[in-house]
Amino acid sequence: GKLQRPEETDSRQRLQLEWSEQKEALQNRLKTLTTEYEALLSGFADRDELRNTLQQVTERLTERDQAIREAETQTEKRITLSSKLKEIEALLTNFQELQGQEICPTCLQPLSEEHLHHLERVYQEQCEELKVNLSKAEAEEREARESLELFKQLAARETDLRQRIEKMGFLEKDIHEASAQLEAVETKLASVTDETATDDGQITLQRELEMA
């Protein structure tokens, strides 16, 4: 009913206008899809480079479990050294309290000033050694924890890259479909503008437009 007399100029122009609108809508959709696709490729030359980067990240993440065990080991080491250091420091405090006493208040045995000084020197040396080892263990633990944080960031990176590739797959399909539709519309638009087109052809294009 919209196309009473296809051979009339105004009917042809209207049909041409409507197919032009279809073309513009598809061009806009294609542009939007392409822009979104390019945004997903941000930082990469192409999809292959993105895939290669994902593969490298995934391979690097295989070392994460070892890094976790290393961090746990360093933490245990630091706790053990800290506990030993507190014990030695407590002993040194006790030795200082025993200075000047002739009998041990605990075992009631005679106290040798020389022996007390000897033990104090021994434990003092142990204390200094423990402090050095504890400081080193704390530094190693920090380094292990920092490594774990990097693996955490790497895992987030892997998730991001996987999501990009998955979404790009859908977009490629949509872009292909939109391109095919645009090509078909351009062909139909060329038929509308063809002065030699038959009336039946014009009516067919009108029906196709109504079904689009």
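For the reader, a short list of remarks on this structure follows.
- Out of 67, 90, sole residue that is in contact (Cβ under 8 Å) with a residue 60 or more places away in the chain and open to solvent by less than 70 Å² (accessible area, probe 1.4 Å): 67
- The condition (being open to solvent by less than 70 Å² (accessible area, probe 1.4 Å), closer than 27 Å to residue 58 by Cβ, in a helix (DSSP H, G or I) and among the aromatic types (Phe, Trp, Tyr)) is satisfied by just one residue among 151, 170: 151.
- Any hit, the range 42-56, residues being over 30 Å from residue 182 (Cα atoms) and either surrounded by 14 or more Cβ atoms within 10 Å (Cβ to Cβ) or in contact with a strand residue (DSSP E or B) (Cβ under 9 Å, 6 or more places away or on another chain) (or both): yes
- Residue 78 more than 20 Å from residue 177 (Cα to Cα) and either of a type in the set (S, T, N, Q) or surrounded by fewer than 16 Cβ atoms within 10 Å (Cβ to Cβ) (or both): no
- For the range 18-35, the set of residues classified as among the aliphatic types (A, V, I, L, M) and over 14 Å from residue 180 (Cβ atoms) consists of 25 only.
The values are calculated or read from the model by the stated rules, or taken from the named source; none is laboratory data. Keep in mind that what you see is a predicted model, and the values were worked out from it rather than measured. Cβ sites come from the backbone with ideal geometry, for glycine too, and all protein chains shown count toward neighbours. Side chains included, ligands, DNA and RNA excluded: accessible areas come from the protein's heavy atoms. Shrake-Rupley method; radii C 1.70, N 1.55, O 1.52, S 1.80 Å.
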